[in-house]
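To keep things clear, I will list the structure first and then write my remarks on it.
The values are calculated or read from the model by the stated rules, or taken from the named source; none is laboratory data. Owing to the predicted nature of the structure, the values given are computational and were not obtained by experimental measurement. We place every Cβ from the backbone using ideal geometry, glycine too, and count neighbours over all the protein chains shown. Note: accessible area is taken over every heavy atom of the protein model, side chains too, but ligands, DNA and RNA are not part of it. Shrake-Rupley method; radii C 1.70, N 1.55, O 1.52, S 1.80 Å.
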Amino acid sequence: MGSSDPGKLRIYLGNAAGVGKTYAMLCEGHRRAERGTDVVIGFVETHGRQHTAELIEGLEVVPRARLPYRGTFFEEMDVDAVLARKPQVALVDELAHTNVPGSRNEKRWQDVEELLGAGIDVITTVNIQHLESLNDVVEKITGVPQRETVPDAVVRSAEQVELVDMTPEALRRRMAHGNVYAADKIDAALNNYFRAGNLAALRELALLWLADKVDEGLQRYRAAHHISQTWEARERVVVALTGGPEGETLIRRAARIAARSSGGDLLAVHVTRSDGLTGADPAALAAQRRLVESLGGSYHQVVGDDIPQALLTFARAENATQLVLGASRRSWLSALFTGPGFGARTIRGSGDIDVHIVTHAHMGRGRGLPRAGGGLTLRRQLAGYLLALVLAPVLTVALTSDRGGLNLISDVLIFLVAVIVVALVVSSVVDMAARRTRQAARASAESALLATTAGDVLAGQRPVEAVLDRVREAFGMDSVTLLERAGDGAAPAGPAATWTVVARSGPEAVTRPDEADVEVPVAKGLRLALRGRTLTAADHRVLNAFAAYAAVALEQQRLAAEAEAARPIAEADRMRTALLTAVSHDLRTPLASAKAAVTSLRSPDVTWDAADREELLATADESLDKLTRVVGNLLDMSRLQAGALAVFRRPTALDEVVAGALDDLGPASRDVIVDIPESLPEVEADPGILERVIVNLTGNALRYSPPGQPPLLAASALGDRVELRVVDRGPGIPADDRERVFVPFQRLGDTDNTSGVGLGLALSRGLTEVMGGTLDLDETPGGGLTMIISLPAAAADGPRTTAPGRRERDAAAAGPQATAPGRRERDETAGTH
């Protein structure tokens, strides 16, 4: 089901849970419904908040889909039902939500894209911490990893993004009044995730991200309406660098100017003239670039013969509000004869851009003495001096010998001709030297520009975009687009050819090469299209070098993507090879035992009494159980190594999981001592995976515990973490060898495979880490080994989750409605900075 006219996306963006995103979304739904718009609720999560739940009344709710998962049922948005209903507007809460396995799509934002593609307008909500680009920043601020994210491109593609803002004090007050979380979760939330500093930082992130989004729209508007004048919506400070010693002073001054305005941008630009820029020191420019980037600014390099015009063109293209220049280093005598300098000319043409002329210690001291020696060789210099000394006397002697045939006028004319010839020779030499100097200077400028671009490509995470940005800046273009012809790259590029935009720099992409002012071939089927002005033949030579850079960068980018896609496959192959090599004995032994027992029971030649039959059946049962455990461990380790293990963390009762694990261990676990306080908070974990870890660790402890000294399972809360200790009184492990036991296929003291492949502890640590926990070993006081599982405590509201695998509990859990796993509200209250 599709539509030629896709739906429009509107997003309510918040800085944290509880600011009122869902409330605002429902209010907008009511406003549109009152205007006669067909509005339905695709999915709304109230989190038990009364005022939010009241707003659902009066709006049509599309029934949710109930999906089974691990013995219980979870509810998700029924995408098919919404598509079949086909409303004008659908309200869909929590854009970054991860759907339960078995859903139509893995992520809710993918559900939303389907609705938009069907022509349905969608209003949704998301918190700033769930944007992919800010995931690591939020974790540094709050100490809580956000496992549910949405690509920035999805949010940026929205037609409208509205910030639902609230001060940290107001949000904490709302939470203290019980309007966000249940009463028993308020203190933990206020003392952890919802601390005033955390909320202030998240609020600033939301404001800055939205400011960038608004700025993108502003730049598109200005480009579409051909607006070149500066709009002072945001402070952008451009500092001009010549590579001179005053550069660091100018950069720091410009950084202070930008810092006066919250969110101000700092841009440094160096103009390379086509004939070279006298005094530009590449090493000094590199140092100044590092300083700019360390201050949070960006470095740019452009080519232009008219330096003031090039500076102003760049500043206007970046919508700069202020331009920082250094006071001239020319002496007063030089300024007297050469006229106004770059600063004065820049001020005259600046218009509405403020120009700051910054004094520094090097002004008025001149640009330095010219290079000693000049461009001529010593032999040519000596020949010139000799000619100047000898020419006049030799010519005089020659004229004296013919004094009778020449008069004074002839002598003067001959001397004049000689002088003119000498002047022509000297001017020819000077002109040749000047032309070669210009060529060398231009070549130097071009090489510096290409070297800078190469550095951007190597250092950047977007090499193709870095090349296009540099081309646009260097040649003063409005836009630069890399196009690829669809289909066979060897096909002729006729009018009917279809072109795809691979990457672009600038507000508007060129969709076909014939729409560009300049286009150059990059590689087979690739074109670099520039819009803005035509270029000279000399510029085309540099542009071709940039095109080669773009081709290499694109190839590297695609090879890196292919390598990244192939890495899990290669890792899985390596793992499978290692598993097949290591487990041959472990699989063969239980199979052989079970086969022998079953064959003996079926043998017609032997009559077994009841005791023997029971023993053979027990042997077969034990061997098959062992085989099941080995295969299960192998499958889990394979999925873990390949990154294909699905994990759904949610608040989980530790005592329930421990009880399920002991049931799975059977009679051997009857003597295990369990000490788990009733007041222990729930943990943030996947119940099924956690049970598997506890089974492995407890089984290992039972194996090494001496008779009469059973293992102990003790749990306690420590800050925002919960620790489960599996304690045994066995032989223990030396401190130097404790990390080795976590390596797959390692068993301390074993020299063959008779005791297993050594996956238990390696698998247990891997499974614990994918849940956000840790598994460490410690020495038991008095002798033995203590295995410590540390998991984040769950401080949010939500039902207690029973351990999978316990049939009587699963049957009870299947009746009432259960919320979907991975609810972000729970993640946000767990953990401290």
| field | Residue-normalised accessible area of the stretch 109-182, given per residue in Å² at a 1.4 Å probe | value | 39 Å²
| message | Looking at the calculated P(r) for the stretch 659-723, what percent of the C-alpha pair distances fall above 21 Å? | response | 26 percent
| remark: A correct Stokes-Einstein calculation for the stretch 135-190, using the alpha-carbon Kirkwood radius, 10 °C and 1.306 mPa s, returns a whole-number D in µm² s⁻¹ of 113 µm²/s
| note | For Arg650, other-chain or 5+-apart residues with amide H closer than 5 Å (H placed, Pro excluded) are Ala685, Asp686
| said: What Kirkwood Rh does the stretch 36-81 have if only Cα atoms enter the pairwise 1/r average? Answer in Å. | reply: 12.2 Å
| Cut-off 15 Å between beta-carbons: net charge of the residues surrounding Pro667, Lys and Arg +1, Asp and Glu -1 | -4
| field | Net charge of neighbours whose Cβ lies under 9 Å from the Cβ of Ile789, counting Lys and Arg as +1 and Asp and Glu as -1 | value | -1
| task | Please give the FRET efficiency for His540 paired with Ala153, using the beta carbon to beta carbon distance and R0 = 51 Å, rounded to the nearest 0.05. | result | 0.90
| query | Quick one: if you stick a label point 7 Å off each Cα along the C-beta vector at Arg602 and Ala566, how many nm between them? | reply | 4.6 nm
| query | For the stretch 656-741, with every protein chain kept in place, what is the accessible area per residue (1.4 Å probe, Å²)? | reply | 47 Å²
| request: Calculate, in nm to one decimal, what His177 and Ser679 gain on full extension: separation in residues at 0.36 nm each, minus their alpha carbon distance. | output: 178.3 nm
| query | Taking the simple approach of a point 7 Å from Cα along Cα-to-Cβ for both Lys140 and Arg613, what is their distance in nm? | reply | 7.2 nm
| query | Which net charge results when you count Lys and Arg as +1 and Asp and Glu as -1 among the other residues whose beta-carbon is under 12 Å from that of Leu116? | reply | -4
| field | Percent of C-alpha pairs per 5 Å bin, the stretch 22-106, short to long | value | 3, 14, 24, 23, 19, 11, 5, 1, 0
| field | Cα gyration tensor of the stretch 70-226 - equivalent ellipsoid semi-axes, whole Å, descending | value | 28, 25, 14
